[in-house]
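S.K.: A single structure is presented below for examination.
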Amino acid sequence: MEKFFNIKCRASGLVPNVVVLVATVRALKMHGGGPSVTAGVPLKREYTEENIQLVADGCCNLQKQIQIAQLFGVPVVVALNVFKTDTRAEIDLVCELAKRAGAFDAVPCYHWSIGGKGSVDLAWAVREAASKRSRFQFLYDVQLPIVEKIRTIAQAVYGAKDIELSPEAQSKIDRYTQQGFGNLPICMAKTHLSLSHEPDKKGVPRDFILPISDVRASIGAGFIYPLVGMMSTMPGLPTRPCFYDIDLDTETEQVKGLF
């Protein structure tokens, strides 16, 4: 969202009307201190049974995400993606805390179990929120120095205390500035698993220093992209690509192996 707003909307002139923030009870439980989840391994009981305390503790992350969207002056509708193991008490708690944090609305969505009709209430909420006057604004002025734009994102969005530039990162910033590219927007390359640079830091990490290991430029695309921590820019592809299992049945003309 931050990249879309600060980069794409700036270049295209698009003005967003509403942010739809998708949440799940399970994800919030993880942010509340729930056990780690491993792909292919059955979920721990904390995620399949009611646990109000974990949900309440994890909603700090949801509240922070709402606050981030509000920095841009855009109303937020929380879409709670409901699964069969979620209880009414957990659902009600998430919606209540989301509204208390400033969300325009918070709507339980049941498309997982009953398809499109399970999200009709969400559609109405989005329509109502989008009908309000937008007060959209960018987070930073592109004319600021590159370091200050990075620092603004780190502090205002991620909640960092400050940033720490490696010698290489500082050297690249100096070079891009000298070459006349200092007025480009910033596209942070950072883990999506945490507000910080450490994937295992859930909830709302505070008072951390965000390390910038390198800074690169995509001049054609029109942005500068800092690498946060040990972030890799290589695509996360499996050793055996999925296309090996995809085929076309020439008799039925049905594609096989997509799911």
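The values are calculated or read from the model by the stated rules, or taken from the named source; none is laboratory data. What you see is a predicted model; the values in this text were computed from it and never measured. Note that each Cβ is placed from the backbone with ideal geometry, even for glycine, and that neighbours are counted across all protein chains shown. Accessible surface is based on the protein model in full, side chains and every heavy atom, while ligands, DNA and RNA are left aside. Shrake-Rupley method; radii C 1.70, N 1.55, O 1.52, S 1.80 Å.
S.K.: I'd like the distance separating the alpha-carbon centroids of the stretch 165-195 and the stretch 207-223, in whole Å.
M.R.: Cα centroid to Cα centroid, the span is 3 Å.
S.K.: For the ranges 30-39, 153-162, what's the packing order if you count other beta-carbon atoms within 10 Å of each residue, average per peptide, and put the highest first?
M.R.: 153-162, 30-39
S.K.: Oh, and also: Excluding residue 120 itself, calculate the net charge of residues whose Cβ lies under 14 Å from the Cβ of residue 120, where each Lys or Arg counts +1 and each Asp or Glu counts -1. The partial results should precede the final answer.
M.R.: Numbers: positive: 117, 127; negative: 105, 121, 128.
Its environment carries a net charge of -1.
S.K.: Let me ask another. Limiting things to C-alpha atoms, what are the Rg and the maximum Cα-Cα separation (Dmax) for the chain, in angstroms?
M.R.: Rg and Dmax of the chain, Cα atoms, are 20.9, 62 Å.
S.K.: Shifting gears a bit: Report the Stokes-Einstein translational diffusion coefficient (µm² s⁻¹, integer) for the stretch 1-73, Rh taken as the Kirkwood radius over Cα pairs, at 20 °C with viscosity 1.002 mPa s.
M.R.: Reported coefficient: 150 µm²/s.
S.K.: Please list, ordered by chain and number, the residues whose modelled amide H lies under 5 Å from the amide H of residue 80; skip anything fewer than 5 residues away on the same chain.
M.R.: Distant-sequence amide H within range of residue 80: 23, 107, 109.
S.K.: Given the -39500 (n - 2.57) contribution per DSSP H run of 4+ residues, what per-residue ellipticity at 222 nm results for the chain, rounded to the nearest 500 deg cm²/dmol?
M.R.: My calculation for the chain gives -8500 deg cm²/dmol from helical runs alone.
S.K.: Tell me the per residue accessible area of the chain using a 1.4 Å probe; a whole number in Å² is fine. Don't jump to the answer; show the numbers that get you there.
M.R.: Details: 14650 Å² over 259 residues.
Accessible area per residue: 57 Å².
S.K.: Could you look at the chain and say what percent of its accessible area is carbon and sulfur, using a 1.4 Å probe and all protein chains?
M.R.: Ligands and nucleic acids excluded, carbon and sulfur reach 54 percent.
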